[in-house]
Structure formats: structure tokens, C-alpha cells
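What follows is a set of notes on a single structure, which appears directly below.
The values are calculated or read from the model by the stated rules, or taken from the named source; none is laboratory data. All values reported here derive from a predicted model rather than from experimental measurement. A quick note on method: Cβ atoms are made from the backbone with ideal geometry, for glycine too, and the neighbour counts reach across all protein chains shown.
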Amino acid sequence: MTSKISTISKFLFIFSTPKGKEKESPSYNFHMNFRNPLLNLILLLSIFLSTSSCQKDPVETVFFNFENTSGVFITNEGNFMYGNASLSFYDIEKKRIYNHIFYARNSAPLGDVAQSMEIHNGQAFIVVNNSGKVYVADANSIEFSASITGLSSPRYIHFLNDQKAYISDLYAKAITIINPSTYEKTGSIDVNNNNPDFYQHSTEQMIQYENLVFTNCWSFDNQILVIDSNTDQVIDSIEVPAQPNSMVMDKNNKLWVLCDGGYPESPYVHERPALVKIDAQNLEIEKLFRFKLEENPSALCINGSQDTIYFINRHVFRMDVEEAQFPETPFIESSFTGVYGGFYSLSVHPTSSQVYLADAIDYQQNGIIYRYHPQGHLLDSFKAGVNPGSFYFKIE
Amino acid sequence: MESHINSIRLFVKSFVALYGIAFTMVTFLCSNQISAQITKDTFQLKMVEVKAQKPIEEVALSKSRVDTMALQTLSSKSLASLMTASTPVFIKSYGRGSSATASFRGTAASHTQVNWNGMSLNSPMRGDVDFSQFPVYFIDRVELLHGGSSLSDGSGALGGSISLENKADWSNRISVKYIQHIESFSTYKEFAELALGNSNFQSKTRIFHDQSENDFPFYNYGVLPYQDDVQKNADYEKYGFLQEFYGRIKKNHLLSLKIWGHHNFRNLPQLMSFQGDNRIESQEDDQLRAIGAWKYFNGNSNWEFTSGINYTELHYFRSSTESGFENFNSKSKEKSSFNHLEYRYKKEESFHFKTSLDANIHQVDIYDSTNKTGYKEERFELSYLAQLNIQISDRAAAYALLRSEFYDDTFVILIPSLGLEYALDEKDTWTTKFNVSRNYHKPNLNDLYWIPGGNPDLLPEDGYTGELALVYSKPKPNWSFESKLNFYASLIDNWIVWHPSSSGAFYWEADNIKKVFARGIEWNIKYNLDFFKNWKLKTVANYAFTATTNVDAMESVDESRGKQLIYIPRHTANLMIGLSYKSWELNIDNSIIGKRYTTSSNIESDYESNLSAYAITNLNLEKDFTWKKLNAKLGLRVENLFDTDYMSVLWRAMPGRYYSVNLQIGWRK
């Protein structure tokens, strides 16, 4: 009987001290005391108690220097309400991936759902959507320098000059104006249209043409708002098909907008998705391509010379901006046939025109990034963080 | 909708208020009137010899009971705390006062079935149960049926089922009890109880109220720079009542009616890394459930009919206050009615036959007024059971059971389970058990109908499970020892997963994706010792090893194949020790939770991709005072004695060490 207890104690002891180097000596005592069940119990208890003191090991700081290094920053969204967003950097020359660089350098998490990132004056502004903040870090060392907090659901940041930047927001019904030098909020642009049925407008990406800033309103909406950056006022809007999710500007100052068309049984609308070409000067729609109703195109982007647009519609398609015909055959074909998975995000390197394509796999593990040659053949691949959502190219 | 919620709340509230008044009056009257009678009546409780032999209907089943020591020590806590402290069931808690779900034998939250006096408490909408909602104070007995053994109670519990029971105390005449509990972080809990009756009728009323600011301090290393922080927006208020009536007619009819009303409002805190604008996020639950039962005994035959209703309203709200943006304003109503007819025939402890028929209806009506989405669906389900238990020889006993079910438009004809128990020695010291079962779990109504992403074509999750147990039991006059060691393995196919749509749409969809292989060990040890004079020691320990992996990852780049499912620890253990001397009692409960992964690929990383193992120790000291029929108990409790810094769920703040004082006054005739 007593020996059984002793065995149990030992078993629990082994189990409960995973690191247990310094804790080896108590095992002696078992043999000395096992005849007394009470003492055994006290020992058993003390073992349990001793494990209670196990604490988190402090993480060692990792120092980075990405100065004069060309590469790509990848913001990994992580999972909603997990707080596991992360930042990765891929050194293009050395073909080396650095994951979790924000945590490694600053010993703190990025937050919940990293949406996008921009670099301004050597500072990286990382928009952390569901943490309601923008973290600012040195773009070469990734050392944290400031935070812009108190935001609602920030999505993207757009810099107008050293004193002014806009932060779009999914829920705020306003664009926040900040001073990127002092990191302070300096104002806001009201975009609320007081629609009694749905909350409008949410704001997403921002593209500047002269003094005008265009922003797409995606959630339960169909507008491209036109903001005068001199007066910080919404001065006009362009109606497009339902739910514009991404947009780019081509070399001819035409704004291309990709609309996902909503979803089946949506209380807002479900229509055929569309690709729209808008003249940035007179705000007129010049062309409108429709997809099939069941398709869900996303991630519209453009190359550096602004003459070819790319988007995901299960496969990757590309199209010359001068082309009158919609592309029939995919540029990069997805071999994916399962019920989940497939291409998650897309971007094109501004100088090399190499295509970066992310697959989030099962959305619960580190996603894979495929690099494609401008002609469409696979160069290589590497693993980034969970749900790699956006790319920022650092060109030296 | 609003009126429904208000009427339930008003009902619960007025009940609690009225009861409070009545309670005070009765207490007052009793103390005056009946104290005069104290000397007259001497009521002798009959000592009942409990036979050690196991009931035939339980042979070869893997059944365990939560120790009364745990029920008493943790009576002011929630069912979540009770499970963590005294069972092998892993509870994933989102924080103090926040929701808590179970994982039993490596399965998902919806695979643990929770029954209250035979009626399912699992949400027909989501399939799971929030263990933080139930006060231990309302429960008299907790039984667990592990794995396939749960089929004797119902289907769908791929992990196992937990049965919460209320029992009549026929020896009671009049008793009153009041507990005041004061805890750190402005937490006040009040419990009251009044029981009246005689040998043919019993009524018992329990009420509780639990309120907390829940503003515990913590060191926030989820933001930069690190800071001393206080948990915000985590306050809660719960109250409820439980009314039980029991009646005996002609010695062989037993009638009972139990009504349980419950209200729970809580604000939901944000993650540690949140630094956004003011956000309001709250959840309000209102529940009303009732169950009536009629039991008829006639010689070896035993008839039972139970009928119950369960009505739940849930209101989830989230908004950004500065912009006035409402993200969600979702209200759901779940109505279920349960009917159970059962016949048993039992001949001594050698033959038992049971057959039963269940007919249940579930209705779900959910609507989000912000997003203007929702659905209204109904499910009818039938379940038939036939179970046979036979004593084969002096040492061997076996059971065979068969369930057949029908739900929506689906027939599941064959759900069998077979088991054998064999005593390895004549004294029954060593016993071995073996059982195999098929089990399946219906998709929840959200899985089928949620807009967007619900999938009406989902198949039920289908599993096979087997287990082998070795039991050692040694009762002696002044000490006893029991060890139960279980090895189990389950293969569950068509495991339902919500995943982002493959079409590229932004929303998530439900599909039968994974094939999960869950296997492990459960080890339960009980040790009691009476020593010196007046000293008593009671020990209960559990260890669970759980390996639960996805064995059907599809793509070559997918690294989740063969990896542990997220948020399910491989190792968990708990140890509860009670030491009493005369009227003093000291209880220590410890729980150890092993490392948990948060990525399906189980990546090892220093950057919170996985959650470190932790151990929590709680201390409870009580002193009893008895004066004639008046009994008082003063308790002091320390939670998280060693001030352990830990995370149960990624970036959810947890409190360090905190305290409570508990005063209980009871009077019983």
C-alpha cells in the first residue's frame, strides 16, 4: 500500500517537474519515508506546491539590423481574438525569413489582427486592427518607438506629409487624422452617411491623386469616397457595385476597384462581383467587368510600372491596364481543390515584378509564402506567421 | 423578444426577492417557535449500511462521481472550478467570471454532454455548455460517464457526459441555511436555502446572488511599455433560484418537480494587448428550466417518465462607444422540450434490463438587429435505447446496449456499446473493465443554418471508441485506497470545423474536415485515512494524459497532421487534500495544466505561440461551530496561493492571489 503511494508520488514528481534539474534531491526522501503514509502525503503535497512556482521564462531580446537590406515585411494577422498577430521580414538577397521580429525585438506581442504596414521616414507604422492601435517601430531595428492608441478598428494608414496621415477605420465612421511626427491625433474626417439600415461608411484602402484621397467603403457598402486632403472633407463619392474590397491606381491615373458583390443571403446585397475602372479626374466609370455570382475575387494589386493589375479569384489572374478583354486563363493556377485553403493574399514587387502569394493553409498554423517569377513560374517558398495578410516591400 | 427576456428576469428577480422576505420570516419564526421543541424531539437518523457491491446496471461502465469533499469545499464556486479541481475534464476558461468550456478525453466543447436531472443543458444552437454559469451550490451530486459509457444516458457525448443531480433528503423536517461570501475584487455572494417536509413530501428552495466588480490587478506584458494594469470591463452579476418538490404516494410512486431560474449578466473584457477606444461588449443569459418526473416501483420493475423544458435567451452586444458603432446586437431564443419514458427490470444484482424512448424538440430563433441576419429553425429528435446487464459468473459481468436515433431527416440505426467486467481476484480487490462503442454527434443548428457559412449538408461526427480499465480497491477499517486506471482510444471522423471559405469569401464556413484520433490515460486515486484520534485525511487525485491529433490533414504543406489539437493539454492533474481535526478542516486543491498549443502545427516558439504549463494551488480553512441545532461555519480561502502568473487562453488576463471569507449559518430540525 505504502509503496504504491510512493510510486504515485514519484510518478507525479516526474510528471510535474519538466525542467526539474535542481529538484532531483527530494526523490531520495521517498525511500526514507515511504513507510509513513502521512509523510508521503506531505511530500506529495510539497511536490505539487513546488510546481506552483514555475513562472514564465523571460524571452531574450533579439537585435535586428535591416539597414541597406532589401526585403519584404509581412504582416501576419493571426487569429481574431487570439492576439497572435506577428511581423515577418524576408531578406530577398539572402533568401532568409525572420519571423516574430516585433516580439523578438521588443518582448511584447504585436496585438490582435495586424492589418497593414507602411514605412514613413524610417519608421514602420503597423496597423493592429482589433487592438485599436498603430504601433510605430524603427524600420531597420524594429525597436518600438511609439503607439497611436484609442482607435476603433483601424485598417490602413496613408501619409500625406510629415505632419499629416490618415488612418482608415472599419467601425469609427470617421478617418482619424494624426501627426506622424508626434504620433498625436490631430482631427478626424466624418464619413457617416446616417444610413438607418446599415452602418456606413467603413473605410479601407486609401489612394492619393493630386490633393484627392480615394477610399473604398467595403462593409455593407458600395461607395468610393473622395476626400479633399487640403480641407480634410469628403467632397464627393463614386457608386460602384457592392462591397469594394481593394483598389489600385494605374499609370494613366485610372482607379481600378475590385468589388466582391456581397454573399448569399446577405441582408445587404448579393450581386455578381465586379472589376471597375474609374477615371480619377472626372470620377466617371469607364469600364465594368462582371464575375460569376458564386465567385469571390480579392486582393487587387498592381506592379511597379503600374501597367499590369493582379488579383485572386481562386487562381491568380493578371491583366494589362490597356487591355479591353477580361483575362480568361489564370496567370498562376491554384492546385487547391479542398473545401478549405487556397490563396490568401497577394502582392507584386514594385521593381522586380516578382509575385508574392500567401496560402494560410488551415488558418491555424504558419502560412506559406510562394514567390513567383514575373513570368509565372515558382521561384521558392518560405513560412511566415499565422494568416499572412499584407506585404510591404522595402527597397534599398 | 425584449418582453420575453424582461419577463424571465422579472420572474427570477421577484422570486429571489420574495424568497428573501419569506426566508427571513421563516427563520425568525422557526428560531422562536421551534427552539421550544428542541428538547422534546430527539430524531434519530437511521444508519444505513452501504453495500460495497456495485449495482449491476453500472458494470463495465466507466463512471465516476465527484467527491463530496470537493462539492462542499467549492460550493461557492462555479461548476468550471469544480471540474478543474476534481475531475480529469479539462476546462478552458477565458478568465475570472468569463465563459468556460470543457474538453473531455481530448474532444471539442460540444462533445461533452451536460445533463441536469436527466435533461440536456447543451445549447442546441452551439452544442456546448458554459461551465461558468452553474453554481456548485445548486448541485447535490455530480457523476461523469467517460467516453462510450455515456451512451447509457444519451448520444452525442463523444468525450463523455456530466450529470448534475438534485436529490431529496427525506430525513429533513425544517432546515434553513444562509451563506455570506465576501471575496476580493468587490465580490459578494449570498446563498440561502429553506427546506421543509416530512417523510412523504419535501420542498427545498435555494437562491443565490453573485456580484463582482472583478477589477483585479495584473502586470500587463501584452502592451508596450509594460504596465501595472487593472482588469476592465469584466464585472458580472448572477442570480437564480432552484425549487424542488418531491412527493411519495403509497410508498411506490415518487413524484418530483424541479424549477431552475437563472440570470447572468457580464461585461466581456478585451485582450491584454487591446488599446483601442471605449468598447462595450457584454453577454446576458436568461434561463428557465423545469423538469417533472414520475417514478413507479413494482417489485423488480421500475417505470419512469420525465418531461422537461429548457428556455434560454442570450443577448450578445458589442459597440464602439465613441463612434456609436454597433458591431453586434444579437438575441437568441432556444426552446427545448424533453420527454423520457423508461422501463427497468432488475433481478437482484444479477440481471438488469432497461429500455427507454426519448422525444425532444429544439427551436432556435436568433437575430442580429445590427447585421440583420439570423435564422429560425427547429429540430425533432427521437432516441430509443435497449440495455442488458448480466452477471455471467461470480467474477464476470457484462452489458450490451443499443441505441437508435432519428433527427431532422436522418436515421442512425445502430449505435451499439458492449462491455465486460472481470474481478481478477476473489476479494474484488483488482477488477478489470473493457468496453467498445460507436458514438456520433449531430451537427448543431448553428453549424447547419448560421448565416453566412452554415452548411445544411453536414454529416454527423462519427466515432468509435474503446477503453480498458484497471481498478484496485482496498477498504480497511481506518483507511481505504482506490486506484482507477483507464486507457482509452477514440477515432472520430467527419469532425466539424469552421474555416474561412475556400471560395475566397471573407466569411467562415462549416465542414466535415478532420479525422481526430484521441487516446490517453485517466488515473484516479482516492486515499482516506483516520489517524491518531479525531484526525481524518481525505485525498483525491486525478491525472490525465490526452493525445488528440488530427490524422487527416490534406495538403503536403499542412503541418497539422499528427499534431495535438489546439488548446488541449497533453497533461493535466489535480490533487485535493482534506485534513480535518474535530471541528477544523483544511483543504488544499491543486491543479496542474500542461502546455497547450495555439497553432495546429504545434510550432515551438518563445513568442506565445504556445501556452506554458502552470499549477494553481488554493487553500481553504474552515471551522465549525455548533450550538444545539444551530450550526455555523467560518471559512477562509486563498485562491492562487503562490500568486502564479499564467494564461489559460492567449492574452486573457488572470488574477494573482486573492482571498475570500465565508460565513455559513444553518439551523436544522
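For the list (1) crowded, with 22+ Cβ neighbours inside 10 Å; (2) modelled with pLDDT of 95 or more, I need the number of the one condition that B:Trp303 fails.
The number of the failed condition is (1).
If you take the residues in the stretch A:130-169 that are more than 9 Å from chain B (Cβ to nearest Cβ) and not in a strand (DSSP E or B), which one is surrounded by the fewest Cβ atoms within 10 Å (Cβ to Cβ)?
A:Asp162
Look through the stretch A:173-201, keep the residues that are part of a strand (DSSP E or B) and within 13 Å of another protein chain (Cβ to nearest Cβ), and return whichever of them is farthest from A:Gln123 (Cα to Cα). Quick ask: steps written out before the conclusion?
Within the stretch A:173-201, the subset part of a strand (DSSP E or B) is A:174-179, A:184-190.
Now narrow it down to the ones that are within 13 Å of another protein chain (Cβ to nearest Cβ): A:174-176, A:185, A:188-190.
Working: A:Ala174: 24, A:Ile175: 21, A:Thr176: 19, A:Lys185: 17, A:Ser188: 22, A:Ile189: 24, A:Asp190: 27 Å.
The residue in question is A:Asp190.
What's the number of the only condition in (1) closer than 24 Å to B:Tyr464 by Cβ; (2) within 27 Å of the chain's Cα centre (by Cα) that B:His362 fails to meet?
(1)
Residue under question is B:Asn478, and the condition is that it be polar (S, T, N, Q) and over 30 Å from B:Leu529 (Cα atoms); does it hold? Steps first, answer last, please.
Working: polar (S, T, N, Q): yes; over 30 Å from B:Leu529 (Cα atoms): no.
Criteria not met by B:Asn478.
Give B:Thr68, B:Thr107 a once-over and let me know the one that is at pLDDT 50 or above, surrounded by fewer than 21 Cβ atoms within 10 Å (Cβ to Cβ), under 30 Å from B:Ala613 (Cα atoms) and β-branched (Val, Ile, Thr). Working first, answer last.
Values: B:Thr107 fails: surrounded by fewer than 21 Cβ atoms within 10 Å (Cβ to Cβ).
Checking each option against the conditions leaves just B:Thr68.
Determine if the stretch A:313-332 includes at least one residue that is crowded, with 16+ Cβ neighbours inside 10 Å and more than 20 Å from A:Cys259 (Cβ to Cβ).
Checked against the condition, which is being crowded, with 16+ Cβ neighbours inside 10 Å and more than 20 Å from A:Cys259 (Cβ to Cβ), the stretch A:313-332 yields at least one hit.
Here is a yes/no grid of residues against (1) farther than 23 Å from B:Pro500 by Cβ; (2) in a loop (DSSP other than H, G, I, E, B); (3) out of contact with any helix residue (DSSP H, G or I) (no Cβ under 9 Å at 6 or more places or on another chain); (4) facing another protein chain (nearest Cβ under 10 Å):
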position	(1), (2), (3), (4)
A:Glu67	yes, yes, yes, no
A:Thr75	no, no, yes, no
A:Asn84	no, yes, yes, yes
A:Ser88	no, no, no, no
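Among the residues of the stretch B:184-196, is any over 30 Å from B:Gly247 (Cβ atoms), buried (at least 19 other Cβ atoms within 10 Å of the Cβ), among the β-branched types (Val, Ile, Thr) and in contact with a strand residue (DSSP E or B) (Cβ under 7 Å, 6 or more places away or on another chain)?
Checked against the condition, which is being over 30 Å from B:Gly247 (Cβ atoms), buried (at least 19 other Cβ atoms within 10 Å of the Cβ), among the β-branched types (Val, Ile, Thr) and in contact with a strand residue (DSSP E or B) (Cβ under 7 Å, 6 or more places away or on another chain), the stretch B:184-196 yields at least one hit.
Would you be able to tell me the number of residues in the stretch B:326-372 that are within 20 Å of A:Pro196 (Cβ to Cβ), out of contact with any strand residue (DSSP E or B) (no Cβ under 6 Å at 6 or more places or on another chain) and assigned to a strand (DSSP E or B)?
Start the filter on the stretch B:326-372 by keeping residues that are within 20 Å of A:Pro196 (Cβ to Cβ), which leaves B:326-331, B:367-372.
Filter once more, so that each one left must be out of contact with any strand residue (DSSP E or B) (no Cβ under 6 Å at 6 or more places or on another chain): B:371-372.
If we keep only those that are assigned to a strand (DSSP E or B) too, we end up with none.
Result for the stretch B:326-372: 0.
Considering only residues that are polar (S, T, N, Q) and more than 14 Å from chain B (Cβ to nearest Cβ), which ones fall in the stretch A:90-129?
Going through the stretch A:90-129, the residues polar (S, T, N, Q) turn out to be A:99, A:106-107, A:115-116, A:121, A:123, A:129.
Residues satisfying the conditions are A:Ser116, A:Asn121, A:Gln123.
Please list, ordered by first then second residue, the pairs with beta carbon atoms under 6 Å, 6 or more apart or interchain, first in the stretch B:187-204 and more than 21 Å from B:Leu663 (Cα to Cα) and modelled with pLDDT of 95 or more, second among the β-branched types (Val, Ile, Thr) and not in a strand (DSSP E or B).
Cβ pairs passing all conditions: none.
Within the stretch B:533-581, track down each residue that is at pLDDT 95 or above, assigned to a strand (DSSP E or B) and basic (Lys, Arg).
B:Lys536, B:Lys538
Go through the stretch B:315-356 and count every residue that is under 24 Å from the mean Cα position of the chain (by Cα) and either within 14 Å of chain A (Cβ to nearest Cβ) or basic (Lys, Arg) (or both).
Residues flagged as under 24 Å from the mean Cα position of the chain (by Cα) and either within 14 Å of chain A (Cβ to nearest Cβ) or basic (Lys, Arg) (or both) within the stretch B:315-356 amount to 3.
For B:Ser81, are the conditions met, namely being more than 15 Å from B:Val136 (Cβ to Cβ) and in a helix (DSSP H, G or I)? Let's see the steps before the verdict.
Details: more than 15 Å from B:Val136 (Cβ to Cβ): no; in a helix (DSSP H, G or I): yes.
Considered against the rule, which asks whether it is more than 15 Å from B:Val136 (Cβ to Cβ) and in a helix (DSSP H, G or I), B:Ser81 comes out as no.
Determine whether the stretch B:470-478 contains at least one residue that is free of Cβ contacts under 8 Å to residues at least 40 places away in the same chain and in contact with a Phe, Trp or Tyr (Cβ under 9 Å, 6 or more places away or on another chain).
Pass one, the stretch B:470-478, residues free of Cβ contacts under 8 Å to residues at least 40 places away in the same chain: B:476-477.
Within this subset, residues satisfying the condition of being in contact with a Phe, Trp or Tyr (Cβ under 9 Å, 6 or more places away or on another chain) are none.
There is no residue in the stretch B:470-478 that is free of Cβ contacts under 8 Å to residues at least 40 places away in the same chain and in contact with a Phe, Trp or Tyr (Cβ under 9 Å, 6 or more places away or on another chain).
List every residue pair whose Cβ atoms lie under 7 Å apart, where the two residues are 6 or more positions apart in sequence or sit on different chains, the first residue falls within the stretch B:421-438 and is at pLDDT 95 or above, and the second residue, located anywhere, is among the basic types (Lys, Arg) and surrounded by 17 or more Cβ atoms within 10 Å (Cβ to Cβ).
B:Glu421/B:Lys433
Quick one: B:Leu636 ticks every box in (1) farther than 26 Å from B:Asp210 by Cβ; (2) assigned to a strand (DSSP E or B) except a single one, so which number is it?
If we test B:Leu636 against (1) farther than 26 Å from B:Asp210 by Cβ; (2) assigned to a strand (DSSP E or B), just (1) comes out false.
Identify all residues within the stretch B:421-468 that are among the aliphatic types (A, V, I, L, M) and surrounded by 21 or more Cβ atoms within 10 Å (Cβ to Cβ); write none if there are none. Walk me through how you get there before you give the answer.
Step one: filter the stretch B:421-468 for residues among the aliphatic types (A, V, I, L, M), giving B:423-424, B:436, B:445, B:448, B:451, B:458-459, B:468.
B:Leu445 - this is the single residue of the stretch B:421-468 that is among the aliphatic types (A, V, I, L, M) and surrounded by 21 or more Cβ atoms within 10 Å (Cβ to Cβ).
When you scan the stretch B:639-669, how many residues do you find that are of a type outside the set (D, E, K, R) and in a loop (DSSP other than H, G, I, E, B)? It would help to see each step written out before you state the result.
Residues of the stretch B:639-669 of a type outside the set (D, E, K, R): B:640-642, B:644, B:646-651, B:653-656, B:658-667.
Okay, now just the ones that are also in a loop (DSSP other than H, G, I, E, B), so B:640-642, B:644, B:646-651, B:653-656.
Within the stretch B:639-669, residues that are of a type outside the set (D, E, K, R) and in a loop (DSSP other than H, G, I, E, B) number 14.
Within the stretch B:366-386, can you find the residues that are of a type in the set (Asp, Glu) and surrounded by 16 or more Cβ atoms within 10 Å (Cβ to Cβ)?
B:Asp368, B:Glu377, B:Glu381
State whether one or more residues within the stretch B:486-507 are assigned to a strand (DSSP E or B), of a type in the set (Val, Ile, Thr) and within 14 Å of chain A (Cβ to nearest Cβ). Spell out the reasoning first.
Initially, the stretch B:486-507 is screened for residues assigned to a strand (DSSP E or B), giving B:486-500.
If we keep only those that are of a type in the set (Val, Ile, Thr) too, we end up with B:492, B:496-497.
When the remaining residues are screened for being within 14 Å of chain A (Cβ to nearest Cβ), the result is B:496-497.
Yes, because at least one residue in the stretch B:486-507 is assigned to a strand (DSSP E or B), of a type in the set (Val, Ile, Thr) and within 14 Å of chain A (Cβ to nearest Cβ).
Report the residue count in the stretch A:184-220 for those that are within 21 Å of A:Asp279 (Cβ to Cβ) and either surrounded by 18 or more Cβ atoms within 10 Å (Cβ to Cβ) or in contact with a strand residue (DSSP E or B) (Cβ under 9 Å, 6 or more places away or on another chain) (or both). Even if it seems obvious, please write down each step before you answer.
Applying the first criterion (within 21 Å of A:Asp279 (Cβ to Cβ)) to the stretch A:184-220 yields A:204-217.
Applying the additional criterion that residues be either surrounded by 18 or more Cβ atoms within 10 Å (Cβ to Cβ) or in contact with a strand residue (DSSP E or B) (Cβ under 9 Å, 6 or more places away or on another chain) (or both) yields A:204-209, A:211-217.
The total comes to 13.
Does B:Val142 fit the bill of being aliphatic (A, V, I, L, M), in a loop (DSSP other than H, G, I, E, B) and within 11 Å of the chain's Cα centre (by Cα)?
Spelling it out, it is not the case that B:Val142 is aliphatic (A, V, I, L, M), in a loop (DSSP other than H, G, I, E, B) and within 11 Å of the chain's Cα centre (by Cα).
In the stretch B:517-536, what residues are over 12 Å from B:Leu575 (Cα atoms), crowded, with 18+ Cβ neighbours inside 10 Å and at the interface with chain A (Cβ under 10 Å from one of its Cβ atoms)?
Within the stretch B:517-536, just B:Leu529 meets the criteria.
Residue by residue through the stretch A:185-224, note down the ones that are under 24 Å from the mean Cα position of the chain (by Cα) and at positive phi.
A:Phe220
The rows are residues; the columns are (1) in contact with a Leu (Cβ under 9 Å, 6 or more places away or on another chain); (2) at the interface with another protein chain (Cβ under 7 Å from one of its Cβ atoms); (3) of a type outside the set (Ser, Thr, Tyr).
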site	(1), (2), (3)
B:Ile568	no, no, yes
B:Leu579	yes, no, yes
B:Ser591	yes, no, no
B:Asn610	no, no, yes
B:Ala615	yes, yes, yes
